[in-house]
Amino acid sequence: MTALCPCQSGLAYADCCQPFHLFKIYPQTAEQLMRSRYCAYVLKNINYVIQTTVPNQQAQLDRTLLQNWADSTAWAGLQILRHQPAVSKIHSTVEFNAFFTVNGEKQAHHENSLFVKIDGRWYFADPTVDLPDRKQPCLCGSGKKFKHCCGAYL
Ligand SMILES: [Zn+2]
Ligand SMILES: [Zn+2]
């Protein structure tokens, strides 16, 4: 299969996000993970979107809502604006625009996403679900207080 990857890397899907989507290999950087998650939205692979969110947050995700959003969105491209690979030892951020069309008009969803490394794997830290209080243990399982860990960047 030579179809180009929907994440717009310029590579074939089979050489880009597909091995991630099949969990054959794991993204080595937060930017790779971000691309593969955008790609999963384009391909309506909600399972991948959920599995690459911080494990402690996965139960809070609304699968039906995510599926409906993916089904009803006409994606129109991805633009990575900035990848900060080491905002801490275990945190990275990726700022991006995800484009989509509504009634033929191109719009951008702009986001600066936080990614956290847990047991050697990158995960997306979702800021839209219920978050711990500042002094509670962090959602990522680091054992630190939320405010001294992921909470410092969300
Ligand atoms: Zn890709
Ligand atoms: Zn944390």
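Just so it is clear, none of the values below were taken in a lab; they were calculated from the coordinates. None of these values were measured; they are calculated from a predicted model. Note: ideal-geometry Cβ built from the backbone for every residue, glycine included; neighbour counts use all protein chains shown.
Taking the longest Cα principal axis of the chain as reference, the axis of helix 63-72 is set at about 30 degrees. Across the cross-link table entries K44/K135; K44/K106; K44/K117, which are compared at the Cα atoms, the separations over 31 Å belong to K44/K135. Among E31, E111, a tally of other beta-carbon atoms within 10 Å of each Cβ gives an order, fewest to most, of E111, E31.
Overall size of the stretch 1-41 from C-alpha positions, given as principal axis extents largest first: 24, 18, 17 Å. For L43, neighbours were defined as the other residues whose beta-carbon sits under 13 Å from its Cβ, and their charges (Lys and Arg +1, Asp and Glu -1) total +2. Summary of packing: across the peptides 41-48, 100-107, the per-residue average of other C-beta atoms within 10 Å ranks them, highest first, as 41-48, 100-107. Mean sequence separation of contacting Cα pairs (under 8 Å, at least six apart), scaled by the length of the stretch 1-51, corresponds to a relative contact order of 28 percent.
For the stretch 13-152, the percent of C-alpha pairs falling in each 10 Å distance bin, counted from 0 to the bin holding the largest distance, reads 11, 41, 37, 11, 1. In a simple Cβ point-charge model (Lys, Arg +1; Asp, Glu -1; nothing else charged), the chain has a dipole of about 520 debye relative to its Cα centre. Quick check on the stretch 98-154: take the gyration tensor over C-alpha atoms, sort the square-rooted eigenvalues as a ≥ b ≥ c, and tell me if it's rounded (a/c under 1.5), prolate or oblate. Because a/c hits 1.5 or more and a/b exceeds b/c, the stretch 98-154 counts as prolate. Each Cα pair under 8 Å and six or more residues apart adds its sequence gap; the mean of these over the residue count of the chain is a relative contact order of 18 percent. Taking a Cβ cut-off of under 12 Å around R82, the surrounding Lys, Arg, Asp and Glu residues balance to a net charge of -3, with basic ones at +1 and acidic ones at -1.
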